[in-house]
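Here the structure is laid out as structure tokens; the discussion comes afterwards.
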Amino acid sequence: MKNYWRMSNFSIFSVFYTYIDHSSYPADRLFVQDKVRIKYKREYAKEDSPYRIIFCKVGKKDTARFEQALDKLKAEASLGEAKQFLASAKTVKDLHVLATTRNGVDTAELRTMGDFLRDKDPKAVAVIASINGEKITFLAVCGKEAVARGIKAGDLVRHVSAICGGKGGGKPDSAMGGGSDPLKVDDALASVD
């Protein structure tokens, strides 16, 4: 899911966008870094929310850099979440085991998070589930030490997918699968421990 939307407009020189940012405005840092010129139009925020909906105008020649900067922002946010997940992992037989759910995440974002977890911690054994409507996507990753001890991501994802009425598979260090019964996701993730 994107964090920006291109608005319909009738200008030959610019494009209107709406995007979501945090109250600390990390997108601005990326716009400056990537030399994107923006004219801010309006900003909306709920009183108790740290997020902002921002309306802006971007020159047509800057639209690609603008969209790339916001894609980078989304990737950075995913990595921040992955770091939090890693900090909350349980230690089981000297491995760092993590099983969690992230709703509404696409497969590319899941892979980014999984790759970070696998590469950052060689003892990581992680299963992340994403629920989109009735569809469940599982990603399992195992660090180098976990794979050396015989833990395989492909086996993990097959196991959790089967609990939810689906299938999956992949390599020993990274695998994906799916299911169709969202009510059993918690049971599937609990079986990872």
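The values are calculated or read from the model by the stated rules, or taken from the named source; none is laboratory data. These figures come from a predicted structure and were not determined experimentally. Ideal geometry is used to build each Cβ from the backbone, glycine not excepted, and the neighbour counts take in all protein chains shown. Accessible surface is based on the protein model in full, side chains and every heavy atom, while ligands, DNA and RNA are left aside. Shrake-Rupley method; radii C 1.70, N 1.55, O 1.52, S 1.80 Å.
A few remarks follow.
- Whichever residue in the range 111-136 is among the β-branched types (Val, Ile, Thr) and within 12 Å of the chain's Cα centre (by Cα) and, among such residues, is surrounded by the fewest Cβ atoms within 10 Å (Cβ to Cβ): THR112
- Residues being open to solvent by 80 Å² or more (accessible area, probe 1.4 Å), at pLDDT 85 or above and either in contact with a Cys (Cβ under 6 Å, 6 or more places away or on another chain) or assigned to a loop (DSSP other than H, G, I, E, B) (or both) - total across the range 3-19: 1
- Single residue of GLY179, GLY165 found to be touching a residue at least 12 places away in the same chain (Cβ under 8 Å) and either within 18 Å of the chain's Cα centre (by Cα) or farther than 27 Å from LYS2 by Cα (or both): GLY165
- Leading residue by the ranking (most open to solvent (accessible area, probe 1.4 Å)) among those in the range 153-184 that are among the charged types (D, E, K, R) and in contact with a helix residue (DSSP H, G or I) (Cβ under 9 Å, 6 or more places away or on another chain): LYS167
- Looking across the range 88-109, the residues that are more than 23 Å from ALA162 (Cβ to Cβ) and part of a helix (DSSP H, G or I) come down to ALA108, GLU109.
- Neighbours by Cβ (under 6 Å, 6+ apart or cross-chain): first from the range 55-67, touching a residue at least 24 places away in the same chain (Cβ under 8 Å) and within 14 Å of TYR40 (Cβ to Cβ); second among the aromatic types (Phe, Trp, Tyr) and part of a helix (DSSP H, G or I): VAL58/PHE66
Conditions tested, residue by residue: (1) exposed (fewer than 14 other Cβ atoms within 10 Å of the Cβ); (2) aromatic (Phe, Trp, Tyr); (3) touching a Cys at 6+ places or on another chain (Cβ under 7 Å).
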position: ASP21; (1), (2), (3): no, no, no
position: TYR25; (1), (2), (3): yes, yes, no
position: LYS46; (1), (2), (3): yes, no, no
position: TYR51; (1), (2), (3): yes, yes, no
position: GLY59; (1), (2), (3): no, no, no
position: GLN68; (1), (2), (3): yes, no, no
